Amino acid sequence: MADVRSAFDVACEQVRAGSFSVSDDERLMLYALFKIAGGARAPSGARSSSFDPIARAKWDAWTEFGQTYSTAQALQLYPQFVGRLAVRRTSSK
C-alpha cells in the first residue's frame, strides 16, 4: 500500500506543478479521483447551484466517480491517469 500511496503523492506533485495541460473533462476526473482517494466517496453538502456551473460540475463528477470507484481504486487510478496525460504531452511535442 505504501507504493500505491507514494505513486499517488508523486502524481499529485506533477499535477500541482502544472507540467501538462488538461481538458475540462480530464480536470474533473482528476478532481473526483483526488477527492475519492482522500477518503470521501461523495460530497457531504448539497449540490451546487446552477448559478455556479464549475462547482456544480465538480460536485457531479465527484458523485458519479464516487459511486463507481473505491478509495483504494482511486489511489491506483489517479497516478495511472496522470501518467497517461504526461505521456500524451510528451508524444505531442
FRET efficiency (Asp9, Ala46; Cβ distance; R0 30 Å; to 0.05) is 0.45
For the chain, set up a Gaussian network in which alpha carbons nearer than 10 Å are linked by springs, and say which option among Asp52, Asp60, Asp25 fluctuates the most. Asp52
What residues from the range 10-26 fall in the zone where the backbone N is under 16 Å from a label point 7 Å along the Cα-to-C-beta line of Gln80? 11
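Quote the relative contact order of the range 31-75 in percent (integer), defining contacts as alpha-carbon pairs under 8 Å separated by 6+ residues. Could you put the intermediate results ahead of the total?
On the way: 55 pairs, mean separation 25.7, N = 45.
That works out to 57 percent.
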In nanometres, what is the gap between the two model label sites at Arg16 and Arg56, each 7 Å from Cα along Cα-to-Cβ? 3.2
Which value at 222 nm does the chain reach when only helices count, each DSSP H run of 4 or more adding -39,500 (n - 2.57), with the total divided by all residues and rounded to the nearest 500 deg cm²/dmol? -24000 deg cm²/dmol
Å² of accessible area per residue within the chain, as computed with a 1.4 Å probe and no ligands counted: 64
Which one, Leu77, Ala55, Ser23, projects farthest toward the positive side of the charge dipole computed for the chain from Cβ point charges (K/R +1, D/E -1)? Ser23
So, with a 1.4 angstrom probe, what is the percent of accessible area on the chain that is carbon and sulfur? 54
The chain - Rg (one decimal) and Dmax (whole number), Cα, Å: 13.7, 42
Counting other Cβ atoms within 10 Å, keep those with at most 10, restrict to DSSP loop, and tell me which chymotrypsin sites (Phe, Trp or Tyr not before Pro) in the chain are left. Phe51
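Using alpha-carbon pairs under 8 Å, 6+ residues apart, how would you state the relative contact order of the chain in percent?
Reported relative contact order: 41 percent.
The values are calculated or read from the model by the stated rules, or taken from the named source; none is laboratory data. Bear in mind that the values here come from a model prediction, so they are computed numbers and not experimental data. As a convention, Cβ positions derive from the backbone with ideal geometry for all residues, glycine included, and neighbour counts pool all protein chains shown. These accessible areas exclude ligands, DNA and RNA; they are computed on the full protein's heavy atoms, side chains included. Shrake-Rupley method; radii C 1.70, N 1.55, O 1.52, S 1.80 Å.
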